[in-house]
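Trainee: I'd like to ask you about the structure that follows.
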Amino acid sequence: MTDPYKNTLDIAHNHAAKYLQHIEKQDVFPSAFAVDALCVFDQPLADVGASDTDTLDMLHDIGSKATVASMGGRYFGFVVGGAVPAAVGANWIATAWDQSPSSDMNSPVGTKLEAIAGRWLLDLFSLPENCGVGMTTGATMANFTALAAARSRLLQKAGWDVEADGLYGAPEIKVIVSDEVHVTLLKALSMLGFGKKRVTRVATDENGAMRLADLPELDALTLVCTQAGNVNSGAIDPIGEIVKKAAKTKAWVHVDGAFGLWGKVSKTYKSLLEGVEQADSFATDGHKWLNTPYDCGIVMCRDAAALHSAMATTAPYFKTDGMNAPKDMVPEFSRRARGVEVWAALRSFGRQGLEAMIDRCCAHAKTFETGLKDIGFEVMNEVVLNQVVATIGTPEQLSEIRQHVERSGICWFGPTVWKGKNAIRISVSSWRTSHDDVVQSLAAIKAAKMAVIGA
């Protein structure tokens, strides 16, 4: 009997392998010509289907040229890590399995690997082994899930069942955030009914970390949203001290650690996160500093029962799995088995390999800091992890320099506004980034500066 998948998967493998083999030679941001060529896809749906070969060839021949080369070593935008080979391979296998790990009724292997990956993550972050863990699309949903657990537990202690009775008439929870709160955490708060504006903002220091002295009074109906890794500067809030204050009143402390939480893995940088493990809930991304494929977020909650209470679902066609079913720890019933990739990435790195990669990224950020200063840029942040914020010239000149570098195809970094000033932001998050990648990128930035401003 003819295998209906073999030829198609062989073609897909060849195209994918060719793409990855040439990723370092590809422009990091696609040319205008490559982007314009995407119009070829804009066709009406045909009455007769195309062959698999024609479909995949079209994807590769047209689509691959219009990708952003975030899988290479010179992409420094949006804290994106390039997926490690083992995680890419695991992604392919998991796709072939087509498992939805809602429970072990649906996927024994999916739930098992997710549980093991969760246990490894808790160990890496020095969290208790009985914490609740869930896999989400990204930190946005990981934050949402953790904050839902906080809402559930805080209101339950006040005598209110929010899952059953909703928010109408519920006691008000006071939400505290940093002035540098990430927009996606505000989005999560709004989806949970807290509102983006009904928050108390705490001023930050010159590097973007919450000022402990400005933290308002806390009580048993307070939710404090802290940040481990300011999206611009990489700064980390004084979470350990905040947790000590919160413990006195039973306030809930959440950590948005989309990328910065991974600093806990490094002996060099873990002191920056001292005490963070005492917080109540955590959100981070696998597709950032663990370098898994998109999409992969992770929620961890010290009170596993609170996470389960906020997310649990029952139906007559599912057996009762206690707190072990992934469907009862995150919003989605149906989702892909992203825990397989987390398991593969962690097993591939090992503890030492993961630490070395994180240290390497931070060292590259320091090299960028020195190199940008030598070129004439003002580095605006204290480079504590993998983030560098810099500026030069007028806003118009800075924009032109960034566009000049983008057109060169050598590297890519994004624009930002930091402390009221236009700036560029460089995020070093990929296992593939080498010292030579940094040198090439600095040379491209220098050439752009010379072209726009001069010596």
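The values are calculated or read from the model by the stated rules, or taken from the named source; none is laboratory data. What you are looking at is a predicted structure, and each value in this text was computed from that prediction instead of being measured. Positions of Cβ are generated from backbone atoms using ideal geometry, with glycine treated the same way; all protein chains shown enter the neighbour counts.
Trainee: Quick check on the stretch 67-78. Is at least one of its residues at pLDDT 95 or above, surrounded by fewer than 18 Cβ atoms within 10 Å (Cβ to Cβ) and part of a helix (DSSP H, G or I)?
Mentor: Within the stretch 67-78 (the criterion being at pLDDT 95 or above, surrounded by fewer than 18 Cβ atoms within 10 Å (Cβ to Cβ) and part of a helix (DSSP H, G or I)), the answer is no, since none of the residues qualifies.
Trainee: Please state which one of A455, A390 is at pLDDT below 95 and out of contact with any Ser or Thr (no Cβ under 7 Å at 6 or more places or on another chain).
Mentor: A455
Trainee: Give me the pairs: first residue in the stretch 368-382 and buried (at least 16 other Cβ atoms within 10 Å of the Cβ), second residue acidic (D, E) and modelled with pLDDT of 95 or more, beta-carbon distance under 6 Å, and six or more apart or on different chains, which are they?
Mentor: Sorted first by the residue in the stretch 368-382, then by its partner, the pairs are V379/E369.
Trainee: Could you say whether any residue in the stretch 44-54 is surrounded by 14 or more Cβ atoms within 10 Å (Cβ to Cβ), in a helix (DSSP H, G or I), under 29 Å from the mean Cα position of the chain (by Cα) and not hydrophobic (A, V, I, L, M, F, W, C)?
Mentor: For the stretch 44-54, residues surrounded by 14 or more Cβ atoms within 10 Å (Cβ to Cβ), in a helix (DSSP H, G or I), under 29 Å from the mean Cα position of the chain (by Cα) and not hydrophobic (A, V, I, L, M, F, W, C): absent.
Trainee: Checking the conditions here, which among S64, S51 is among the hydroxyl-bearing types (S, T, Y), modelled with pLDDT of 95 or more and under 30 Å from R407 (Cβ atoms)?
Mentor: S64
Trainee: Further question on the same structure: From the residues in the stretch 120-138 that are in a strand (DSSP E or B) and of a type in the set (A, V, I, L, M, F, W, C), which one is surrounded by the most Cβ atoms within 10 Å (Cβ to Cβ)?
Mentor: Here the residue is M135.
Trainee: How many residues, within the stretch 248-270, are touching a helix residue (DSSP H, G or I) at 6+ places or on another chain (Cβ under 6 Å), of a type in the set (K, R) and in contact (Cβ under 8 Å) with a residue 12 or more places away in the chain?
Mentor: Looking only at that region, the number is 1.
Trainee: Right, here's the next one. Going through G234, G195, G240 one at a time, which residue ends up being out of contact with any strand residue (DSSP E or B) (no Cβ under 7 Å at 6 or more places or on another chain), on the phi > 0 side of the Ramachandran plot and small (G, A, S)?
Mentor: Being out of contact with any strand residue (DSSP E or B) (no Cβ under 7 Å at 6 or more places or on another chain), on the phi > 0 side of the Ramachandran plot and small (G, A, S) holds for just one of G234, G195, G240, which is G195.
Trainee: Does T184 satisfy being closer than 30 Å to L290 by Cα, surrounded by 20 or more Cβ atoms within 10 Å (Cβ to Cβ) and not small (G, A, S)?
Mentor: no
Trainee: What pairs come out if I take residues in the stretch 292-306 that are closer than 14 Å to V255 by Cα and pair them with residues that are part of a strand (DSSP E or B) and among the hydrophobic types (A, V, I, L, M, F, W, C) whose C-beta lies under 6 Å away, six or more apart or interchain?
Mentor: These pairs meet every condition: V299/A283; M300/V133; M300/F282.
Trainee: With the structure loaded, tell me whether S429 is within 22 Å of the chain's Cα centre (by Cα), of a type outside the set (A, V, I, L, M, F, W, C) and surrounded by 17 or more Cβ atoms within 10 Å (Cβ to Cβ) or whether it fails that test. Talk me through it step by step, then tell me what you get.
Mentor: Values: within 22 Å of the chain's Cα centre (by Cα): yes; of a type outside the set (A, V, I, L, M, F, W, C): yes; surrounded by 17 or more Cβ atoms within 10 Å (Cβ to Cβ): yes.
Yes, satisfied.
Here is a yes/no grid of residues against (1) in a loop (DSSP other than H, G, I, E, B); (2) among the β-branched types (V, I, T); (3) buried (at least 24 other Cβ atoms within 10 Å of the Cβ):
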{"residue": "P216", "(1), (2), (3)": "yes, no, no"}
{"residue": "D219", "(1), (2), (3)": "yes, no, no"}
{"residue": "L223", "(1), (2), (3)": "no, no, yes"}
{"residue": "Q227", "(1), (2), (3)": "no, no, yes"}
{"residue": "G234", "(1), (2), (3)": "yes, no, yes"}
{"residue": "E241", "(1), (2), (3)": "no, no, no"}
{"residue": "K244", "(1), (2), (3)": "no, no, no"}
{"residue": "V255", "(1), (2), (3)": "no, yes, yes"}
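Trainee: (1) in a loop (DSSP other than H, G, I, E, B); (2) touching a Gly at 6+ places or on another chain (Cβ under 8 Å); (3) closer than 30 Å to A312 by Cα: which one isn't true of S103, the others all being true?
Mentor: (2)
Trainee: If you check D104, D98, which single one turns out to be among the acidic types (D, E) and more than 26 Å from D303 (Cβ to Cβ)? Spell out the reasoning first.
Mentor: Details: D104 fails: more than 26 Å from D303 (Cβ to Cβ).
Being among the acidic types (D, E) and more than 26 Å from D303 (Cβ to Cβ) holds for just one of D104, D98, which is D98.
Trainee: In the stretch 327-341, is there at least one residue being at pLDDT 95 or above, surrounded by fewer than 18 Cβ atoms within 10 Å (Cβ to Cβ) and basic (K, R)?
Mentor: For the stretch 327-341, residues at pLDDT 95 or above, surrounded by fewer than 18 Cβ atoms within 10 Å (Cβ to Cβ) and basic (K, R): absent.
Trainee: Please find, among A356, A443, A390, A448, the residue that is more than 23 Å from G297 (Cβ to Cβ) and not in a helix (DSSP H, G or I).
Mentor: A390
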